[in-house]
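Here is the structure we will look at.
The values are calculated or read from the model by the stated rules, or taken from the named source; none is laboratory data. These figures come from a predicted structure and were not determined experimentally. As a convention, Cβ positions derive from the backbone with ideal geometry for all residues, glycine included, and neighbour counts pool all protein chains shown. What goes into the accessible areas is simple: the full protein's heavy atoms, side chains included, and nothing from ligands, DNA or RNA. Shrake-Rupley method; radii C 1.70, N 1.55, O 1.52, S 1.80 Å.
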Amino acid sequence: MRKIITKDEIKNLNKYGLLKLDYLKKNNKVLYQRLIIEDKLYTFLFSVGNEAQEMVDRLMDDYIKNDSRLSEKEKQQDQLSWVGIMNNYKSCAEEIVLQELIYN
């Protein structure tokens, strides 16, 4: 029975998987221990990480489709404003994902 995640497995986790690992260690020790005992911790973290990344990507696609300020024409005319809007949407998408998938 494997009790820990190997260094190679940690390298394969994205930032959301690592955030979930940290959250479990600090705030949900029962689930963390159960996943270790059942040898499902890495699979769980990898799954949550992938789901979180897909959700961020989906939200960003929706934001881009629904905001005319994010067209290629606008990007060429006012790059600074375009980057600011994109960063704002990225922050919003990540906040939603963190609240719904990571910190619960």
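Compare L18, L70, L41 in a GNM of the chain, Cα atoms joined below 10 Å, and give the one with the largest fluctuation. Taking springs between Cα atoms under 10 Å, the residue moving most is L70.
The modelled label-to-label distance for the pair D39/K25, using points 7 Å beyond Cα in the direction of Cβ, is 2.3 nm. This model, with +1 at the C-beta of Lys and Arg and -1 at the C-beta of Asp and Glu, gives region 4-67 a dipole about its Cα centre of some 420 debye.
Rounded to the nearest 10 square angstrom, M86 shows an accessible area of 40 square angstrom against a 1.4 Å probe. In terms of distances greater than 31 angstrom between alpha carbons, the cross-link table entries K40/K65; K26/K90; K26/K65 yield K40/K65; K26/K65. Per-residue ellipticity at 222 nm from helix content only, as computed over the chain with -39500 (n - 2.57) for each DSSP H run of at least four residues, stands at -24000 deg cm²/dmol.
In plain terms, the chain from D67 to E54 could stretch by 2.7 nm, reckoned as 0.36 nm per residue minus the Cα-Cα distance. Compute the whole-percent fraction of alpha carbon pairs in the chain spaced more than 15 Å apart. Counting pairs separated by more than 15 Å, the tail of P(r) holds 67 percent. Counted without the sites themselves, the longest stretch of the chain free of trypsin sites (Lys or Arg not before Pro) in a DSSP loop having at most 16 other beta carbon atoms within 10 Å is 41-104.
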